[in-house]
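What follows is a short report on a single structure.
The values are calculated or read from the model by the stated rules, or taken from the named source; none is laboratory data. If you're wondering where the values come from, they're calculated on a predicted model, not measured in any experiment. Don't worry about glycine lacking a Cβ; one is built from the backbone with ideal geometry, like all the others, and counts go over all protein chains shown.
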Amino acid sequence: PGFNEPKGILFTPEARRNAIAGIATYETLTGVEAYPVRVLTWPVVDGQRVISVVRVGMSRINLYRSATRFLLTMALLFPFALALAGGGGWFFAHRALGPVDRMIAGAREIGANRLHERLPLSGARDELDRLAETINNMLGRLDAAFSEMRQFTADASHELQTPLTILRGEMEVALRSRREPKEYKEVLESALEEVERLSQLVEGLLLLARSDAGVLKMDHAPVELAFLIEEVRRKMAPLAEAKSVNLGLGRIEPAEVQGDYSHLRRLLLNLVDNGIKYNRPGGSVRLSLGVTPEWAVLEVEDTGPGVAEEEKEKIFQRFYRSPEARSGGFGGSGLGLSMVRSIVDAHHGKIELESSPGKGSTFRVHLPAQAVSKD
Ligand code: ADP
């Protein structure tokens, strides 16, 4: 009631209710045509009364067609887009990673005998250049370490060869003709000296090799340093006397460290041996022992030739001997102080050298103090 229902598209109950109430309705009707129709039902009101209803419909055919076309286009283009993106990605990734491949190939080429070679830098100062630079720096360090090792092997072989050549020469000469027992005795004595030198050298090489490999056998027992000093002094007294060097004691404070007695003994023997060996007749070597809250300080002071400033670091290197030491016929192999340093390091200590050339040297070894008993 209220208005005559027009022909055509039927009112939905809701549109009808709204129209009677004077409210417009937007709706989408299906089943009217092949495509849904969007329909506006607009009541025309005069005062309080609905006098007419205007209905406008519009087929959604275009909208649906556009959507279908869009989907179809997408379906057709998608594989292309995918292929393009994949191909482009591959191309750019390949281009970006090409230098990495070249770097890998370059690094593979560099073997132990070509450590002086370097990876090329592109000059772009990008991450890859920084990576190449880092690898190059590492190669530099490896190269230095390898050269040092090669030098060490060469020096060690040379040092081992010298006493062997002497031994062989002496024995060959001794065997060439019949000799007096006295002569044989002399040859044997000299041979024994060389054998002693060889075994000292091998012992030193072994100690250094073990300490390099981190497998140096170390006791961790309390060591009374005053006792050690006394033992070394007693052992070295005959040598000092033979060289007319006064071997004496300075101030000795009781000090105990945690460590390896035989290594510490070797350390002190080496320092005292050098002090006597490089001294002048009538000179002196003095041993002293002090303590600070942190350290036990062992001192070996001599009146020898001293060590020049530029040699202070070098003399701790393996096989390094000053030209004077080489030509002076003192014996020795240049391993003593490097062993001393290895032993000091193994005890977490430090070693200092104070020296004024012409006057003498003081080697000062600091070892972490264990317990200090003052009595
Ligand atoms: P070596 O004594 O067998 O030559 P070291 O490693 O003990 O080897 O010493 C290395 C070098 O340091 C010696 O050749 C010598 O030139 C120098 N040196 C060591 N101790 C002293 C010292 N007390 N006074 C002067 N020079 C020293």
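Of the numbered criteria (1) more than 27 Å from the chain's Cα centre (by Cα); (2) within 25 Å of Met339 (Cα to Cα); (3) touching a residue at least 12 places away in the same chain (Cβ under 8 Å), the one Thr162 fails is (3). Checking each residue in the range 345-364 for being touching a strand residue (DSSP E or B) at 6+ places or on another chain (Cβ under 8 Å) and within 13 Å of the ligand (Cβ to nearest atom) picks out Ile351, Leu353, Glu354, Ser355, Gly360, Ser361, Thr362, Phe363, Arg364. Taking (1) at pLDDT 95 or above; (2) surrounded by fewer than 12 Cβ atoms within 10 Å (Cβ to Cβ); (3) of a type in the set (D, E, K, R) in turn, Glu230 satisfies each apart from (2).
Are any residues in the range 113-128 within 15 Å of Pro99 (Cα to Cα) and either basic (Lys, Arg) or under 21 Å from the mean Cα position of the chain (by Cα) (or both), and if so, which ones?
Across the range 113-128, the qualifying residues are Arg118, Leu119, Arg125, Glu127, Leu128.
When the residues of the range 261-291 are filtered to those that are of a type in the set (A, V, I, L, M, F, W, C) and farther than 18 Å from Gly334 by Cα, which remaining residue is nearest to the ligand (Cβ to nearest atom)? Filtering the range 261-291 for residues that are of a type in the set (A, V, I, L, M, F, W, C) and farther than 18 Å from Gly334 by Cα, the one nearest to the ligand (Cβ to nearest atom) comes out as Val285. Here Ala369 passes the criteria (1) small (Gly, Ala, Ser); (2) surrounded by 13 or more Cβ atoms within 10 Å (Cβ to Cβ); (3) farther than 28 Å from Val291 by Cα; (4) more than 11 Å from the ligand (Cβ to nearest atom) except the one numbered (3).
Taking the range 300-333 only, how many residues are within 12 Å of the ligand (Cβ to nearest atom) and either in contact (Cβ under 8 Å) with a residue 60 or more places away in the chain or of a type in the set (Asp, Glu) (or both)? Don't jump to the end; show me each part of the working.
Of the range 300-333, the ones within 12 Å of the ligand (Cβ to nearest atom) are 300-308, 311-333.
When the remaining residues are screened for being either in contact (Cβ under 8 Å) with a residue 60 or more places away in the chain or of a type in the set (Asp, Glu) (or both), the result is 300-302, 311, 313, 318-319, 324, 331, 333.
Within the range 300-333, residues that are within 12 Å of the ligand (Cβ to nearest atom) and either in contact (Cβ under 8 Å) with a residue 60 or more places away in the chain or of a type in the set (Asp, Glu) (or both) number 10.
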